[in-house]
Structure formats: C-alpha cells, structure tokens
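In what follows, a structure is listed as structure tokens, so that the remarks can point back to it.
Rule-based calculations on the coordinates, nothing more; no lab input. The structure presented is a predicted model; accordingly, all values stated were derived computationally and were not measured. Reconstructed Cβ throughout: ideal geometry from the backbone, glycine too, with neighbour counts over all protein chains shown.
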Amino acid sequence: MPLRAMMGRCGAALACAIILCSFAVRAGASELFVSNEVDDTVTVLNGETYKIIATIPTDQRPRGIIATPDDKAVLVCDGDSSNIDVIDTRTLKVVRRIDTGPDPETLAMSPSGDKIYVSNENNALVTVINYATGKWITQIPVGIEPEGLAVSKNGRTVVVVSETTSMAHFIDTKTWQLVANVLVDTRPRIAIYTPDQRYLWVSSEVGGTVSVIDPRSHRIVHVIDFHIPGVDKEYIGPVGIRFTADGNLAFVSLGRANRVAVINARTYEVEKYILVGQRPWQITFSADRSQLYVANGLTNDVTIIDVASLKAVKSVPVGRLPWGIAVIP
Amino acid sequence: MLVRRAAPALGLLTLVLLAGVSSAFAAPAAPGRSAARSFAITLLREEYHFNPEILPSLLETHPADLGLAGAEEAIYELNTAGKFIGWHFKLAVVTVPDGGNVAATADRLLAHGPTVIIADLRADDLLTLANLPAAKNALILDMRTSEDLLRQQDCRTNVFHLLPSQAMRTDAIAQFLVLKRWTRWFLIQGPTPQDAVYAADVRRSAARYGARVVAEKTYNYDAGSRRSDTGYQQIQTQMPLATEVSADYDVIFVADESDLFGDYLPYNTYAARPVVGTQGLVASAWTPAYQEYAALQMQQRFDLFAHRGMTERDYGGWLAVRIVGNAVMRAGKTSPLAMRTYLRSSDFLVAGYKGQGLTFRTWDNQLRQPVLLSQPLMTVSISPQPGFLHPGYTTDTLGFDEPETQCRFAQ
C-alpha cells in the first residue's frame with residue numbers, strides 16, 4: 001500500500017530502485033523464520049546479522065514451521081485457527097491459507113513437495129493435503145496428541161509420534177495404512193530419520209530419553225539416556241533432534257534442562273551439554289550447517305551454536321514463546 | 001453391579017505375550033481384532049449425600065460425574081493406544097448408595113481374588129476398604145483424598161495416593177509466600193478436625209521455610225445468611241470483625257476445608273491483605289484454568305468429552321486409569337501385587353501435564369508432583385519454587401519427606 005502511493009508520487013523509476021535496493025540488502029544472507037506461539041507471529045531474522053527483518057502476523061497459535069523443498073514458501077501450522085499459513089519467502093507476507101482440520105500442531109512435506117502431512121493434535125489424526133490444490137487426500141487415525149512427523153527420503157513412509165499414547169506410528173504412503181506402532185518412552189515429541197535412513201530417532205520429553213528405532217524391523221535398538229551433573233533427572237526433557245550431514249553427530253535439545261546435548265550418533269555416547277536459553281524446544285541448522293539454531297521457549301530468544309567448536313555463540317531476541325525455526329538459504 | 005474380571009488364565013497368557021515389552025513392542029495395526037486382551041478396572045465410589053445449597057457461590061457446581069468423567073476419558077485414551085497393540089480396557093463403575101456398606105460391596109468385588117480398585121471414597125471409607133483382609137493383595141488407587149493421616153500413621157501398602165496431601169498443599173503455598181517475602185502470616189481456622197490438621201500444616205510450613213504465624217484465630221461461621229438477599233451485608237460486617245487482630249501481617253492463611261467462610265474473606269478483611277490457603281490463592285493438582293505443559297490439550301479433550309471443565313477429582317480419576325495403563329501396556333504387569341512393585345520402582349513414571357514424569361514416594365506411596373497455585377480464573381504459579389532444593393527430587397520439598405514420615409509400612 002505505501003509502495004503504491006510512493007509510485008504515484010515519485011514515479012516508477014524510483015520505486016524500482018527502492019525495490020532493487022531492498023532486495024539487494026536481503027540477497028545473499030540466509031533467513032530464519034521463527035514461529036512465536038503466544039504472539040501469533042513469525043519473526044524473520046537475517047542469517048548473518050541476526051537482526052529482525054520482519055515480524056509477520058499469522059493466524060492463532062503458530063507452532064510447527066517448515067520451508068518447502070524449493071524454499072519458495074515457509075509453512076506454519078496455526079493450531080487454534082485450523083489452518084496453515086503459507087508465507088512467501090520473497091515478499092515475507094502470508095499469501096495463502098490452507099485448511100487443515102482442527103488443531104494442527106506440526107507438519108512435514110513429501111520429498112517432492114506435492115503433499116503436506118499435518119498432525120491434528122486434538123483429533124488424533126494425520127491429515128494428508130495436496131499442496132497445490134489444498135484438497136485433503138486422506139485422514140489417518142493415530143494415537144492421542146500426535147505431534148512430530150518424519151518422512152523417509154524415498155517418501156514411502158511417514159512416521160508420526162503421539163504424545164499421550166507414547167507411540168511412533170509408521171504410515172505407508174501408498175495404502176495410507178498403519179504398518180507398525182512402536183511403544184516408546186513417555187511423551188514422544190519428534191521423530192527424525194538418520195541421514196543414511198538406517199534409523200529413526202524419537203525424543204521422549206517426559207521419559208527423558210531418545211529411542212533409536214530400526215525402521216525395517218520396527219524394533220528399538222537403543223535408548224539414549226542423559227545425565228547432567230547438578231540437574232535433576234525430571235528436568236531433562238528431550239525434544240528437538242538434528243544430525244550433521246555426515247550423520248556422525250546428533251544434537252538434542254533438552255527442554256527444562258536448558259541445554260543441548262551433543263551425541264556421537266554412531267556410539268550413542270553423549271559428548272557434551274551446551275548451555276542455551278531456558279526450555280530449548282525445536283532446533284535446526286543454518287543453510288550451510290555451520291550453525292545450529294535453538295528456539296528457547298521461556299527466554300523468548302534463539303541461541304546460535306557454532307557447530308565446529310560446539311559453543312553457544314550468542315542469543316538473539318524473537319517473539320514470545322518461540323516454538324520452531326525454518327531456514328531459507 | 002459386579003465387575004467382570006479377566007480370568008486368571010488370561011492374566012497368565014498376557015504376561016507371556018508381553019515379555020520383552022519394555023525394550024520394544026511393535027505390532028501391525030489391528031483395530032477391533034478379536035485377539036485383543038482385555039483388562040478390567042473397578043472404580044468404587046459412594047454417592048455421598050450432597051446439598052448444593054451449602055456451596056457459597058452460584059458459580060460452583062457439583063456435576064454428577066465428578067471424578068468419574070476423568071477416569072472414563074482416560075479409559076478412552078488407553079483404548080486408543082490399546083487398539084494399536086492389542087489391549088482393551090474396561091471400567092466397571094460400582095456405586096455404593098449414601099451411607100451404604102462399602103465393606104460388603106468391596107468384599108463382593110474382591111471375592112474372586114485381588115483386583116485393581118480406583119477409590120473415589122472419603123478417607124474413612126478408603127481406610128475401611130484398605131483394611132479388608134480380601135484387599136490385602138489388591139491395588140487401591142486413591143483418586144480423591146488429601147488427608148495427611150492416610151499418608152502418615154494410617155498409610156497402607158495397598159493404597160497409592162494420587163492427589164497432593166494437605167501438607168504438600170501448605171508447603172506449596174508457603175514456598176511461594178517465602179519467595180515473595182510475605183512471611184508474616186495470620187492463620188484463621190474453621191471448626192472442623194480437618195481444619196485443625198490443615199492449620200497444623202500451616203504452622204509446620206512456616207517453621208520449615210522461615211515464615212512466622214504472627215496471629216491465630218478460630219472462627220466458626222454461622223451459615224444462616226448464605227444465599228439470601230442480604231448476605232453480603234452480613235458478610236461485610238462479620239468478616240472485618242473476624243479478621244481484626246493486633247499483629248501486623250502480610251497474608252491471611254485460611255484453613256477452611258469445608259468451604260464455610262473462606263470465600264467470603266477476599267476484600268472483606270479488616271486489613272488490606274491477600275488471602276491464601278483453602279480459599280483465595282489455593283494449592284491443587286489441577287484446575288480447569290491450567291494450560292501450561294500442554295495441559296491445554298488435556299483441557300480441550302476433557303471438555304469435548306464431558307462438556308464441562310476438568311476438576312482436580314477428574315484429574316485424580318484420569319491419573320489412576322493412566323497409571324494402570326502404564327503398568328499393563330508398558331511394563332506388562334497384570335497382577336495387582338506386581339503392579340504395586342512396579343509403581344514403587346524406578347521403572348515407573350506417569351505423565352500428568354506437569355512438564356516432568358510423576359513417580360511415587362516409596363515411604364508413603366504418595367505421588368510426587370508439582371502443585372499448582374491458582375486463583376479462580378488463573379494459574380498464579382507452580383511449586384516447588386526456584387531455590388527450594390532437594391538431594392533427590394525437588395518435588396520432595398513438598399509434604400512429608402522420608403526422614404520425617406510417620407508411615408511405617410508393615411513388611
């Protein structure tokens with residue numbers, strides 16, 4: 001709106017210059033999109049300066065947030081509004097809303113980006129949506145309070161974890177049938193495949209562990225435990241998980257223990273605990289994977305961890321109750 | 001009326017089938033498959049006479065399914081999980097009429113051997129049930145009481161308490177007051193024996209945390225003016241009189257377990273001081289307003305199911321069923337005795353929307369848990385408060401800790 005007014009006054013050439021200029025400033029640096037559950041906004045940070053570029057109003061209770069495979073859009077689930085906001089990563093505006101059914105908490109996309117998988121937390125469902133048309137393909141009943149979703153690299157399997165049923169449900173994307181239901185420790189939050197697809201890791205917030213599941217046999221092959229000197233066990237609540245590209249290291253955010261664990265993903269030994277902000281929730285890598293970004297729910301900031309040195313470099317403020325982060329290169 | 005129990009042979013079979021469940025258990029989805037094993041839970045309640053006229057506020061309600069709805073919601077949740085791994089849970093509700101014979105009913109329930117009983121009973125009836133010879137090897141989950149005595153001298157090995165004791169509640173409030181440096185308390189207590197216990201807990205909390213009870217008064221409110229048109233005028237003259245003391249204090253700590261007058265205190269006190277205790281800022285395991293630690297999901301789910309807010313007693317019933325579910329599906333325990341051992345072991349925990357796993361204290365079978373501090377529409381805080389530390393669990397700063405317990409389980 002102001003831009004159009006400016007065009008009328010100053011002429012098209014000037015407006016073009018302004019647009020080019022503003023794009024020149026944003027070009028090059030990657031951007032972080034942080035969902036703020038309480039503010040009903042997404043904060044956009046510059047990936048080099050970590051300055052706030054924009055605060056985008058969303059619908060109510062934004063939580064799960066991902067970038068599309070082509071990085072053209074960032075999708076965020078609005079739990080209390082029953083839809084997904086589609087944010088154009090060029091204009092930083094919500095350009096579309098997709099109906100998801102009640103209480104979408106998190107989402108994932110098929111590898112090609114044609115389908116969206118949404119966990120409907122209050123309805124114990126996974127809703128499968130055609131991204132292009134917004135039409136629902138199917139709904140799959142799963143355990144109570146479904147949350148984290150993982151999609152295998154070949155797109156054949158979708159895994160959803162249910163917090164109150166404490167299971168990882170394996171869904172065949174050809175038949176939309178459940179092929180296995182693996183009981184894990186209490187209140188699972190996130191499922192993620194290892195880069196080589198050989199294992200699926202599931203974090204259990206209240207159980208305080210991470211289960212390593214063989215996705216072929218659907219058996220738990222290892223359970224990772226955490227012991228932090230001076231921190232009571234009941235405060236250790238694993239949530240977010242990310243692997244380095246070579247699959248050698250895993251990072252796990254530990255909720256109220258206010259730390260991120262660094263785990264040797266081959267031996268399952270915890271190598272280090274990195275102190276971050278309060279109640280770290282979801283974590284994600286920078287586009288070049290040199291930094292790890294941690295959304296701290298209670299201190300309303302994002303901690304940046306240098307992956308090479310395994311040190312927390314700094315924390316930058318975002319909105320209230322930051323939940324998750326998506327990165328655009 | 002009587003509960004259908006799983007045949008003993010079936011119980012044995014389930015144990016065999018579930019061997020190895022703790023490491024991993026996976027099975028194809030089998031909704032409605034006939035091979036599902038079933039597990040029966042009994043909920044024993046007495047229909048105590050209740051006169052809604054005695055509730056001081058019109059906003060207070062007394063739904064007929066109080067507590068029960070929580071257990072039923074949890075059964076639905078267990079069966080959602082159970083259908084994926086071949087378990088089906090059944091809740092048999094046995095209601096004793098007001099003044100009925102709890103012992104005789106329980107004896108009938110226990111006639112075929114020990115079983116799992118969720119008790120929605122008052123303290124005296126709970127103790128009657130626990131003392132029955134037939135209940136010796138049963139598992140009784142107490143979803144209702146908070147009486148200290150049941151966790152102290154009257155503790156029983158077959159009873160597990162899910163809601164916070166009175167002492168846990170006064171400690172939860174006390175920690176908050178000490179954190180606020182509101183350490184001079186005026187204690188006003190009602191006429192009942194439970195009020196006296198609560199008042200003793202307030203004194204104990206003060207001594208524990210370095211606060212002081214600077215004034216005390218016993219008050220017996222004559223309920224004659226309740227819900228009459230001139231009620232507030234009576235209250236407005238009576239409450240300042242009742243709260244006038246010479247000592248200077250920071251808060252009024254009210255011990256009125258029967259809701260006789262506590263709710264009349266806020267804004268009607270002689271001095272401008274906040275009210276805490278059994279009314280005003282109260283300590284509880286749950287309130288319909290609590291939404292932290294994903295409790296919002298539980299509240300929404302319960303409202304869809306019961307069409308009303310979830311109370312502390314509903315939460316007690318919900319917890320009881322979820323605990324049984326963990327014992328059966330997670331640990332493969334189906335006999336009450338094996339369950340009791342499991343509940344007291346380090347393998348057990350139950351999630352209760354408190355941001356941490358809840359476990360049992362082995363010295364008195366009390367569920368350790370964070371305790372909510374609330375005013376009617378809002379959660380104000382959750383205790384334990386920052387800085388109150390414990391070598392084991394910070395939640396063990398609330399209530400009777402191991403060194404001070406009066407509970408002696410006969411082994």
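Look at the Cα gyration tensor of the stretch B:167-284: its axes a ≥ b ≥ c give a/c of at least 1.5 with a/b over b/c, and that counts as prolate.
Over the stretch B:167-284, what is the mean sequence separation of C-alpha contacts under 8 Å (at least six apart), divided by residue count, expressed as relative contact order in percent?
Details: 196 pairs, mean separation 37.4, N = 118.
Value for the stretch B:167-284: 32 percent.
Taken along the Cα-to-beta-carbon direction at a fixed 7 Å, the label points for A:ASP88 and A:ARG320 span 3.0 nm.
Seen from all directions on average, the stretch A:62-174 presents a Cα convex hull projection of 6.2 nm².
For B:ARG308, no residue whose modelled amide H falls within less than 5 Å of its own remains once neighbours fewer than 5 places apart on the same chain are excluded. In order along the stretch B:233-240, the Karplus-derived 3J(HN,Hα) couplings, from 6.51 cos²θ - 1.76 cosθ + 1.60 at θ = phi - 60°, round to 5, 4, 4, 4, 8, 7, 5, x Hz, and Gly and Pro are given as x. Along the axis of the charge dipole computed for the protein assembly as shown (Cβ charges of +1 for Lys and Arg, -1 for Asp and Glu, origin at the Cα centre), the listed residues B:VAL245, A:VAL202, B:TRP185 are led at the positive end by A:VAL202. Toward the positive end of the charge dipole of the stretch B:193-346, with +1 on the Cβ of Lys and Arg and -1 on the Cβ of Asp and Glu, the farthest Cα among B:ALA271, B:VAL282, B:ASN220 is that of B:VAL282.
If you put +1 on each Lys and Arg Cβ and -1 on each Asp and Glu Cβ, how big is the dipole of the protein assembly as shown around its Cα centre, in Debye rounded to 20?
Using Cβ point charges on Lys, Arg, Asp and Glu, the protein assembly as shown gives about 1940 debye.
If you wrap the Cα atoms of chain A in a convex hull and average its projected area over all directions, you get 16.4 nm².
Taking a point 7 Å from the Cα of A:SER30 along the Cα-to-Cβ direction, the residues of the stretch A:66-105 with backbone N closer than 17 Å to it are A:66-75, A:89-90. About its Cα centre, the dipole of the stretch B:133-196 is roughly 220 debye, where the only charges are +1 on Lys and Arg Cβ and -1 on Asp and Glu Cβ. Please give the residues of the stretch B:75-104, grouped as numeric ranges, whose backbone N is less than 11 Å from a label point set 7 Å along the Cα-to-Cβ vector of B:GLU47. Under cut-off, by backbone N: B:95-100. For chain A, the residue among A:THR58, A:LEU45, A:GLY230 whose Cα projects farthest onto the positive side of the dipole built from Cβ charges is A:LEU45. Of the beta bridges in the protein assembly as shown, as assigned by DSSP with both residues counted there, near 75 percent are antiparallel. On the basis of the beta-carbon distance and an R0 of 45 Å, A:ILE137 and A:ASP225 show a calculated FRET efficiency of 0.70.
Loop by DSSP (not H, G, I, E, B), at most 16 other beta-carbon atoms within 10 Å: where is the longest site-free stretch of chain B for GluC sites (Glu not before Pro)? Between the exposed loop sites, the longest stretch runs B:61-243. Around the amide H of B:LEU187, modelled in the peptide plane, lie the amide H atoms of B:VAL214, B:ALA215, B:GLU216, B:LYS217, B:PHE253, all under 5 Å away and 5 or more residues distant in sequence or on another chain. Here r is the Cβ-Cβ distance between B:TYR267 and A:ARG96 and R0 is 45 Å; the resulting FRET efficiency, rounded to 0.05, is 0.30. Given R0 = 25 Å, the distance between the Cβ atoms of B:THR237 and B:ASP259 translates into a calculated FRET efficiency of 0.75.
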